1. Mind listing just one residue for me: the one in region 44-59 that is part of a helix (DSSP H, G or I) and β-branched (V, I, T) and, of those, farthest from R334 (Cα to Cα)?
2. Identify, by number, the condition in (1) part of a loop (DSSP other than H, G, I, E, B); (2) within 13 Å of the ligand (Cβ to nearest atom) that D68 doesn't meet.
3. Kindly evaluate L376 against the criterion of being at pLDDT 65 or above, surrounded by 10 or more Cβ atoms within 10 Å (Cβ to Cβ) and among the hydrophobic types (A, V, I, L, M, F, W, C).
4. Exactly one of (1) buried (at least 22 other Cβ atoms within 10 Å of the Cβ); (2) within 7 Å of the ligand (Cβ to nearest atom) is unmet by L58. Its number?
5. What are the pairs, 6+ residues apart or on separate chains, where a residue within region 77-104 that is more than 18 Å from K53 (Cα to Cα) has its Cβ under 6 Å from a residue that is among the basic types (K, R) and assigned to a helix (DSSP H, G or I)?
6. So which residues in region 325-360 are within 11 Å of T218 (Cα to Cα) and assigned to a helix (DSSP H, G or I)?
7. Can you tell me which of F62, F102 is of a type in the set (F, W, Y), in the same structural domain as D162 (by TED's automatic domain parsing) and outside any helix (DSSP H, G or I)?
8. Evaluate the following for G109: is it modelled with pLDDT under 90, surrounded by fewer than 17 Cβ atoms within 10 Å (Cβ to Cβ) and not in a helix (DSSP H, G or I)?
Amino acid sequence: MNNIFADSRIRPAIQEGLKKIHFEKPTKVQEKVIPAMLSDLSVVVQAATGSGKTHAYLVPIFNEIDEDAHYVQAIVTLPSRELADQLYQVARQLRDAAGMHFSIAHLAGGTDRERQLEKYQNNTPQLVIATPGRLLDFVQKKVFVVDQVKTFVIDEADMTLDMGFLADIDQVASKMPKDVQIAAFSATIPVKLSNFLRKYMAHPDQIVIDNPSVIAPTIKNDLLDIGSKNRKSVLYKLLTMGQPYLALVFANTKQTVDELTRYLQDQGLKVAKIHGGVTERERKRTLRQVEQGQFQYVVASDLAARGLDIDGVSLVINYEIPRDIEFVIHRIGRTGRNGLSGHAITLIREEEMNRIEDLEKMGVHFDFVEIKNGELVPRKHYRSRENRQVKNHKFDTKLVGYVKKEKRKRKPGYKKKIKRAIQEDNRQKRKLEQRHEIRKAKRLRKRKREQGR
Ligand code: AMP
C-alpha cells in the first residue's frame, strides 16, 4: 500500500514536518482517515487513544490552512483541559516542524479568561483548540466568528457526551456553514452520540472502524485472582517484585487513590498521585516531575486513563475494576505505547469474574497468572476449571469406576445401587457448592464491613 504521508495532495512542508518528528509510516487510522478528510468527507471514526488519531485529523487540517487568511478555519474540541493542553503541544510541534506560520488558539475552562479574550480579539487564530464550554462562551461573545470554519473535529466524542458537553457543541456547530466538514473521533459510538452526529451528517460519508477494544499486541495483559489475600499487600508485592521503570496504579475513587498513595509511601516507596481533587497546578507539576523520572510509582484515578500521554509507563495495575468496564481498556492502553512493550495486571476476586467475561466478549484477552515464589507464573484459565467441574459432575472417576464395577457384577438390584450412588454423589457435590457459596458470601460481607469502616 502507498504511504499516505507521501500522497501528492499533502503539502511537501507537512511531509517534511512528519519526517522531522519521526513519523515515517502512518498508523492504520491515519491510513484510512487522512485520504477521506483530504477528499472533504465527513467522518465518524471509532479509534482508541494510542491509535494515532490526533495526526489523522491534524494532517488534513494543516493541509487546508491558508496561512495568509486571518479567520477561524478549523476547530478541534476536547472534553478536558488536560487533553486540550496536550493537543495544543502536539499541534505546535507539527506546525513548527513543517515550518508553517499560522496562529493556534488554545482555550480551556479554568484558565485566565480575560487574558484569552484580549489576546484573541486582536489576533484571530486560524486553528482553535478548545474545551466545548469555553468555545461556546467565546463564540457567543463573538470573539470568534465561526461562519467560515471548514473543518470541525470533535475528539473523544463519547467522553464529551458523558460529560454533558454535547449541548455546547450543538450550539457552536449550528453557527457553522452548512457544508462544514465534521470529523468525530470516539473510542465507542453510543446511540445518543450517533443520533447527535446524524443531525449534522445526514449520511456520514465514511465510518472507519478501528477495533478499539483490542489491547495492543505489545502489552502482556495479566489477570490475577487475589483470592482471600489483602488487596493492598498484593499491590505492594507486585510493585516491588520487579523493578518497573514507571508503574501506574489505577483506583476508582479519589479516596482510594489517597489511601493507596499513603499506604505505599508508608512502605517507603516514592509515589505520586493524580486525581480530580488535586489542584490543576499541582497536577501539572506532578506530571512534569513524573516525566523527569522523579517517581517510579504513580497512583491515579481515571482522569489519567484517557488521553494523557505519560511517557514510559512500563506497568499498569488495575487495583480494582472500574464501574464502566471500558475504562479497563483505556487504563491498560497507558502502557505499551508507540510500539514499546508494556505490562498490565488486573486484580480481581472470583465474584468479579463476570466482568472479566464481559471484557473478553469485547475482544480483550487476559493471561491468567498467580504469584509463586515471588514471581508471576501462568495458571489455567478459570473457564478450564469450570469445564472440568461440569465434566466431573457426570463422569467423576470414582463414580465411573463404581458404575463399571456394578455393571460387570450385574447382581440383583445393581441399577438401583448405581442410581443411589449417583444421588449420593450429587448430594455431596451440592453440599460442597453450598459451603463454597456460604464462604463467598461471608467474604463479601466481611469486605463490605471493612469498606464501611
Ligand atoms: P494518539 O493516538 O494520536 O494519541 O497517538 C499515540 C502516540 O503515537 C503519540 O505519542 C504519537 O506521537 C504517536 N504516533 C502517532 N502516529 C504515529 C506515526 N505515524 N509514527 C510514529 N508515532 C506515531
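1. Quick first cut of region 44-59, residues part of a helix (DSSP H, G or I) only: 53-59.
Of the ones still in play, those that are also β-branched (V, I, T) are 54, 59.
On the way: T54: 16, V59: 24 Å.
The qualifying residue farthest from R334 (Cα to Cα) is V59.
2. Every condition holds for D68 apart from (2).
3. yes
4. Every listed condition holds for L58 apart from (2).
5. Final answer for the pair search is A97/K20.
6. Of everything in region 325-360, those that are within 11 Å of T218 (Cα to Cα) and assigned to a helix (DSSP H, G or I) turn out to be R337, N338, G339.
7. After ruling out the rest, the residue left standing is F102.
8. The answer is yes for G109.
The values are calculated or read from the model by the stated rules, or taken from the named source; none is laboratory data. What you see is a predicted model; the values in this text were computed from it and never measured. Positions of Cβ are generated from backbone atoms using ideal geometry, with glycine treated the same way; all protein chains shown enter the neighbour counts.
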